[in-house]
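To start, the structure under review is shown below, and the notes come after it.
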Amino acid sequence: MENEQPTTSANAAKDQPSYQEHNPQLDSPMRGPTLSTSTSSFEALAHGHDPNLSKLATKMFQKTEEYITHELNAPLEDYKLLEEMNKATIAKYKDMRQIAENLNVSTNELCGKFQQLAPLMQQIDEISDTVDKLEAAAYKLDAYSIALENRVKCVLQRKSSQHLTQ
């Protein structure tokens, strides 16, 4: 184990016998079958290596791959969530825009109706002022008629008291 050096495909081809059969587990994912029996300096099939160590190393690489995959997928999920939130926000803003446009139209219509009613409201105010003046005049007239009635009664009482005394 101490004397083992990292091997390359060229060095492995020199050292390996030509009768070695093809093992698909040793194929390079990028280049297909290689001439070496190792994909790294760790030689899984070399004599002197513990098979349990080999299994543990393979398991460690698988777990590392899973961990890195999850670590890379987490930001992706965050971006997907942000995208969904942005879509929801866009929809909400579209709704709010439609509501604002409807309010604007309604406000413009109400302003137009108010402008049409403004002269009529002025006439109502003028009529109200005239009614107030008429009411004040009616109270004055009523007070005058009461005063006049009292005078007439007074005069009639004097006349009747003069007729009785004569």
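Scanning region 128-147 for residues that are among the aliphatic types (A, V, I, L, M) and open to solvent by 80 Å² or more (accessible area, probe 1.4 Å) yields a count of 3. The sole residue among L76, L56, L81 that is surrounded by fewer than 10 Cβ atoms within 10 Å (Cβ to Cβ) and not basic (K, R) is L76.
The values are calculated or read from the model by the stated rules, or taken from the named source; none is laboratory data. Keep in mind that this is a model prediction, so the values were computed, not measured. For neighbour counting, all protein chains shown are included, and Cβ atoms are generated from backbone atoms with ideal geometry for every residue, glycine included. Quick note on the areas: whole protein, heavy atoms, side chains included, nothing else; ligands and nucleic acids left out. Shrake-Rupley method; radii C 1.70, N 1.55, O 1.52, S 1.80 Å.
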